[in-house]
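Here the structure comes first, spelled out in structure tokens, and everything after it is commentary.
The values are calculated or read from the model by the stated rules, or taken from the named source; none is laboratory data. As the structure is a prediction and not an experimental result, all values here were calculated from the model. Cβ placement follows ideal geometry from the backbone for every residue including glycine, while neighbour counts extend to all protein chains displayed. Side chains included, ligands, DNA and RNA excluded: accessible areas come from the protein's heavy atoms. Shrake-Rupley method; radii C 1.70, N 1.55, O 1.52, S 1.80 Å.
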Amino acid sequence: MFLVWIILLPLLGAALSPLAAQRGRGVAAWSAGSASGLALALTLWQALPLTADSEAHISWSWIPQLGLNLSLRLDGLALLFVILVLAIGLLVILYAHYYLPKSDRLGRFYALLLLFQTAMLGIVLSDNLLLLLLFWELTSLSSFLLIAYHPHSSEARKGARTSLIVTAAGGLALMAGLLLLGHIAGSFELSTVLASGDRVREHELYFPTLLLILLGAFTKSAQFPLHFWLPKAMAAPTPVSAYLHSATMVKAGVFLLARLFPVLAETEAWFYLVGGVGLTTLLFGAYTALFKHDLKGLLAYSTISHLGLITLLFGLGTPLGAVAGLFHVVNHAIFKASLFMAAGIIDHETGTRDMRRINGLWKYMPYTATLAMVAAAAMAGVPLLNGFLSKEMFFAETVHHEWLGALDWLLPTAATLAGVFSVAYSVRFIHDVFFNGEPINLPRSPREPGHRIRIPVEVLVALCIVVGVMPGQTVRGLLDAAVTGVLGEVPYYSLALWHGFSLPMLMSLVALTGGVVVYVLRYQLFKLHDRWLPRVSSEDLFYRFSRGILRLARRFMQSFDNRSLQRYLAWLIAVAAITAAAPLTNGVILHGGADLMPIDGVSLAAALILAVAAIATVRMRHQRITALIMTSLVGLIVTLTFVHFSAPDLALTQLSVEVVTTILLLLVLYFLPGGERLEISPLRRVRDLLLAGSSGLVVALLAFGVMTRSHTPISEFFLENAKPLGGGSNVVNVILVDFRGFDTLGEITVLAIAAAGIFMLLRGLHLPLPEHGFGRRQWAVDVHPLIMAAVSRPLLPLALLVSLFLLLRGHNAPGGGFIAGLVAGTALILQHLASGLQWTQQRMKRRYFTLIGGGVLLASATGLASLLFGRPFLTSAVLHLELPLIGEVELASAMAFDIGVFLTVVGTVILILENLGRLSTQQSAQPPTEPEEMR
Amino acid sequence: MSEMLILPIVVPLLAGALLLVGAPRKLHWHRAISTGATVLMLIIAVRLLLHSGDGSVEAYLVGNWPAPFGIVLVLDRLAALMLLLTAILAAGALAYGMLGTDRTAPGFHALFMFQLLGLNGAFLTGDLFNLFVFFEILLLASYGLLLHGGGAARTRAGLHYVVINLVGSSLFLIALGLIYGVTGTLNMAHLTERLATLDASDVPLASAGALLLLVVFGLKAAILPLHFWLPHAYGNASAPVAALFAIMTKVGVYAIVRVFELVFGYGDGPLADVAGPWLLPAALLTLAVGTIGVVTSRDLRKMVGYLIIVSVGMLLVGIGLGTETGLTGALYYLIHTTLVTSGLFLLADVIARGRPQGSRIVVGPRPPDSALIGVLFLVGAIAIAGMPPLSGLIGKLLILSAAQTSAWAVWIWGTILGSSLFVLVGLTRAGSSLFWQGDPVSSHSRGALHILPAALLLSASPLLVAFGGTVSGFAEATALQALNGTAYVEAVLGLSPTVPGIPQVTLP
């Protein structure tokens, strides 16, 4: 259980930090410090002494579908890293309290730092690959926020984004790699995965798995050529750098190498990939560090180089390599954290980090200088300091390695060369900063800083010395435990300071003297470096590449989505035609076997008119009135077709819809700007012709196929049961109001919505009235011809009567609410047209929404009524009423439903007409303050 | 229990009709009705979800006519899940809408209710033609909601949306004609029976109809290259409308699962794999182009629009795999992406209102309450980019691991992982411009009230992780139920009317 608390304590600290910060910086630091401190104390109390079989382990099932469990395990390796993360975290918290400006309340800082710490602890404690991945990506995110701690600096933003993108990309590769690894091992539980090393290495997917996982580890550990985010991340406040780049973030990659060492290592691919990249990074980092004039820049590249060293050690794949690697992880964390802190103090006191200007600080801050020099010496690998020990082990490993055959000399040589540069930049750090004349033009006059900010540095430097002098008594136990965590056993190794004269000793000597020589010759080297080395770097490549990608993406998007409706529709129709035609490609017999009807003259003529009218609509699209007439022609032919095939209801509906829509369309066309001809490119003409032709052909073929087939549709049921069960002899109407009354209810709702939508759209809209009609024709002077008015007025009661007739007889003969509504609507429209909007409005209550909403409500209410009788929604019923005088009256609920339909249709038609009409009759003098029905 | 099935339809229908009738009344009357209806729908949806949790499938015969002759409503896990998601989005969008949007738009509440009616109906119906009707309802309502408020950009985008969807509706009808013409039925459960005995010579026609349906659903879901309408329409819609529209693409996705997995995929029918060859390539294209859209977006709302397209791509990958694990991942991802993108739309509006530059991704003064809004943006961005510790990662992992055994595995993994990276790049760039580079806040705070709906919707993401086991367990059970439609078919075809014939009521 304490494992959970190790992770939870920093997380709680993170949550509390903003609150604590409100009570002062000191409180914030104390709360953050106690979170880390308690977790550290808990770890030490519970986990020490840790033996091979006293591993702590807990597991809860979390998302079984994924294989993601909340499993934590503390073994030696995890313990080593937990202690590093917490201990150095504690020191950084202390350091930050004195380092960051007093104006910073520190709430956000500690919250982010502790969140990051939580994520790091999660990585090292996870016993489930997916859980590890979760924490892994969390470190990328929280470090992103830490690096951009001062977001108004563009460097910080850029650094943060670069580091996020690179490490997150690595994280995604790792995601793929771990998924593969779990797939191969059959479980994501680390304990299982670690036990299936042979299976993994022999699997056909071993190489991609390895590659993806390594990509994740290498980006995190800043291995060449993916290292460039690390120097950029130096824009972070120094405490962040001290934490991220010594003990945590970058060590996560190394941790992963160590953790998966038993599963993935000991193959040739591992050696060449890990070893090769490690070696390159080692040399590249060490070399580049020498040429950095920025104090933190030098440390950044030195970090890269040391990470390369550790990676190389793991890459060798030998047990002793792993031991040396782990040992160097500890040593590097200690001396690099103290160096970053010292660099921060120098930056703080001098106001700059440029080593060409900071010189001779020894005189001003001798105490800090001493601390920094000891740490730098440890970095250089000077005897009696911790760095020396692990570097000796490294040299020894390179000498004893036998993978390269005839090229075996290469490894020790390269290692020595890296050592030379490592010494050189360490010497530069010491000599340039603390000696080498006087400071040049510093923004601030340096002096010894306050005592407290040095405490963390003192602790770390003391550790450098203690470990360096008495390794056996200090770190041996922990190291043994960690090595057991990786290898399962502790190979024989010696931590003695003196192994007698040997090749590694000689290499150390060469490195030390060579380093000093290189430093002395540095100015010549700087010149050569500037002159001969190509300017290109992976960083430049990265930025150029990302800019290029963005440009390419923009260009693609602009040409792909050109905001043209025609383009969108062309895609839609093309896709529809292609997908619908696809099943017809391989030898389909379309003809379903039914006998074809003989072609008679009338049908042929109707078909011809249809075709001609359709083509004419397209040809005459610029003369809109003519085009409209052509579409009406299509509608009329369709109506006649319905008549021909004995579908009077459909014909009636089609006819009345045709009338209403034509009138409404005329009103709309009135506003459209004049009929200029737009040139259409020949290419588009061909495209559209092809699209129209092919999609028409496909639909025609499909229709032919369907119509020549005989089948047994469910409509037989409707024909048989309309009268006995539905109580009406007009099957169409019974279907509409009863069998599928639910659909009709939906459709009248559609009408109601359309009415509401149109009202909302046209409300407050003022369109310029066109001065003349199509073809520059003048508008008629007589707006409301007398004859038309005179004829239409007596027609109204007649028409309404017809409409009522259609409504009432609908259940048994052609008619029904929908048709009746359209007829009534048309009659009312006629009054508007003949006598004008104002005249009609004065004589009509304009509560359209009451009509429309009431219609829907009435239809719904007949449905709800059946619920009262314990029947499902919309169950139809017949009500027998015994009325005095009249006798028995039969009322079908379907009738009430149909009246609802009627009301909605009438209301909608008139509302649309009136709102369109209002647009065309507003006088310019009249202020646009029409009374509104809706609010 | 089954009598409750009609409620998700009746409640918004009555509320909408009432709101129309009471159009001249004061705004608070409208607000009271739609709030009441939305709360009621939320309660009903929770009850229905709990009920469907035991794996039973409930059917409801509208009009007391037996299937396949009448219209049938069906509640299974998938439908219940979609109903609840709709209700949650509605609550968030309505709460935000009542903070101001509804003042400028008469009829907002009525259209909002009708929109919900269309959505709920589409999720519940067991009849393809009725599905068309509900599609029309939700489309018509969305036209109104989208276009209200006017403005050149919005009208243009809205017009495109309307015209494209009209073509879509026509295609829907053609498809229904083909399927009915060959099988003689449009009842989904009945279709499984008819398809099983379909004559081999009729299969091509049925397939053509099925594929046309796929185009229609794909248009709704904004699958490439039928996605053009989405970024512009959503990017120009008012915030509560865009937030509610986050479910609209999911209607298309839902319909694909319902029709292609459950109905056509039932047993070993002749249409079992009709969509298969098209789905995965389309999914990957959608992912790729959606991602490019995210990276190139210069406007936050449009960016969220493209994020929706990306998520549609993810969903289709999961569905296109055609396996239970794939569908499980897709369903988990569906819950996640619907809630998060909806919250992001609201958040984008909060941000846009606080800056003179609106939602354009350019440097400008930070929005008021930028600390709080910034944290919310971070949460939303992490969630939608699929970074830990939020729900996007879980969904992505589920889909990735389901894709492992697919023949397309390399393509799927490559596209998804690449897309994740570039989405992250786009979001980082946006966040950096919006929150890091500007001067401190200029205008005064609009109060936390505006942030609350977005915060509530986004808070779903951590909850989906914390209860990840439960949610993915439900997703898995839902996937199983959808892939094996036996319970569905039996529930529909096995149900007979309570009392056959017309009830005759005699009053003295």
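Which links in A:K102/A:K296; A:K102/A:K232; A:K336/A:K363; A:K723/A:K845 stretch past 29 Å when you go from one Cα to the other? Long pairs (Cα-Cα over 29 Å): A:K723/A:K845.
Can you grab the distance from the C-alpha centre of the range B:225-254 to the C-alpha centre of the range B:19-67, Å, no decimals? Computed from Cα coordinates, the inter-centre distance equals 23 Å. For chain B, find the longest principal axis of its Cα atoms and tell me its angle to the long axis of helix B:468-483, 0 to 90°, nearest 10. Approximately 40 degrees, to the nearest ten. The separation of the range A:735-765 from the range A:794-873, counted between C-alpha centres, amounts to 13 Å. An ellipsoid equivalent to the protein assembly as shown, defined through the eigenvalues of its Cα gyration tensor, has semi-axes of 72, 33, 29 Å when rounded to whole angstrom and sorted largest first. If R0 equals 35 Å, the separation of the Cβ atoms of A:A414 and A:Q558 corresponds to a calculated FRET efficiency of about 0.10. Here's how it looks for B:D299: its modeled amide H is under 5 Å from those of B:I361, which are all 5 or more places away or on a different chain. Between A:W532 and A:L211, the contour length at 0.36 nm per residue exceeds the Cα-Cα span by 112.2 nm.
Sort the range B:277-466 into rounded, prolate or oblate with this rule: let a ≥ b ≥ c be the square roots of the eigenvalues of the Cα gyration tensor; rounded if a/c is under 1.5, and if a/c is not under 1.5, prolate when a/b is larger than b/c, oblate otherwise.
Prolate, because a/c is 1.5 or more and a/b exceeds b/c.
Once you sort the root eigenvalues of the Cα gyration tensor of chain B as a ≥ b ≥ c, which label holds: rounded (a/c under 1.5), prolate (a/b larger than b/c) or oblate (the other case)? Judged from the Cα gyration tensor, chain B comes out oblate (a/c at least 1.5, b/c at or above a/b). Coupling constants for the range A:464-481 follow from the phi torsions by the Karplus curve (6.51 cos²θ - 1.76 cosθ + 1.60, θ = phi - 60°), and in residue order they are 3, 6, 4, 5, x, 8, 10, x, x, 7, 9, 9, 4, x, 5, 5, 4, 4 Hz; glycine and proline get x. What 222 nm value per residue comes from the helices of the protein assembly as shown, counting each DSSP H run with n ≥ 4 as -39,500 (n - 2.57) and dividing by all residues, nearest 500 deg cm²/dmol? Estimated from H runs of four or more residues: -22500 deg cm²/dmol. Using the alpha-carbon centroid of each, what span in Å lies between the range A:27-41 and the range A:167-210? A separation of 36 Å, based on Cα centres.
Based on C-alpha pairs under 8 angstrom that are at least 6 apart in sequence, the range A:730-935 has a relative contact order of 28 percent. Phi angles of the range A:498-508 translate, via the Karplus equation with coefficients 6.51, -1.76, 1.60 and θ = phi - 60°, into HN-Hα couplings of 10, 9, x, 6, 8, 4, x, 4, 4, 4, 4 Hz per residue; Gly and Pro are given as x.
Taking R0 as 60 Å, what's the FRET efficiency between A:A195 and A:W498 from their Cβ-Cβ distance, rounded to 0.05?
The calculated FRET efficiency here is 0.90.
Placing a label point 7 Å from the Cα of A:K363 along the Cα-to-Cβ line, the residues of the range A:424-438 whose backbone N sits under 17 Å from it are A:431-438. Taking the longest Cα principal axis of chain A as reference, the axis of helix A:817-835 is set at about 80 degrees. Between the exposed loop cleavage positions of chain A, defined as GluC sites (Glu not before Pro) in a non-H, G, I, E, B DSSP state with at most 14 neighbouring beta-carbon atoms within 10 angstrom, the longest gap is A:1-203. The mean accessible area for residues of the protein assembly as shown, using a 1.4 Å probe and ignoring ligands and nucleic acids, is 37 Å² per residue.
All other residues whose Cβ lies under 15 angstrom from that of B:E193 are scored, Lys and Arg at +1 and Asp and Glu at -1, for a net of -4.
Nearest 10 degrees is fine. How inclined is helix B:391-403 to the longest principal axis of chain B, computing both from alpha carbons? Approximately 50 degrees, to the nearest 10.
Taking the empirical scaling 2.2 N^0.38 Å for compact globular proteins as reference, the range A:730-935 has a Cα radius of gyration ratio of 1.21.
Are there trypsin sites (Lys or Arg not before Pro) in the range A:727-809 that DSSP puts in a loop and that have at most 15 other Cβ atoms within 10 Å, and which ones?
Of the trypsin sites (Lys or Arg not before Pro), the ones in loops of the range A:727-809 whose Cβ has at most 15 other Cβ atoms within 10 Å are A:R777.
Which of rounded, prolate, oblate describes the range A:554-644, given a ≥ b ≥ c as roots of the alpha-carbon gyration tensor eigenvalues and a/c under 1.5 marking rounded, otherwise prolate only if a/b is larger than b/c? The shape class here is oblate. Computed from backbone phi with θ = phi - 60° and the Karplus coefficients 6.51, -1.76 and 1.60, the 3J(HN,Hα) list for the range A:11-21 is 5, 4, x, 4, 5, 7, 3, x, 5, 4, 5 Hz; x is used for glycine and proline. Taken residue by residue and averaged, Cβ atoms of other chains lying within 10 Å of the Cβ of B:54-67 number 4. Rounded to the nearest 0.05, the FRET efficiency derived from the C-beta distance between A:T661 and A:S694 at R0 = 30 Å is 0.60. Note on the range A:94-174: Cα-only Rg and Dmax are 14.1, 42 Å.
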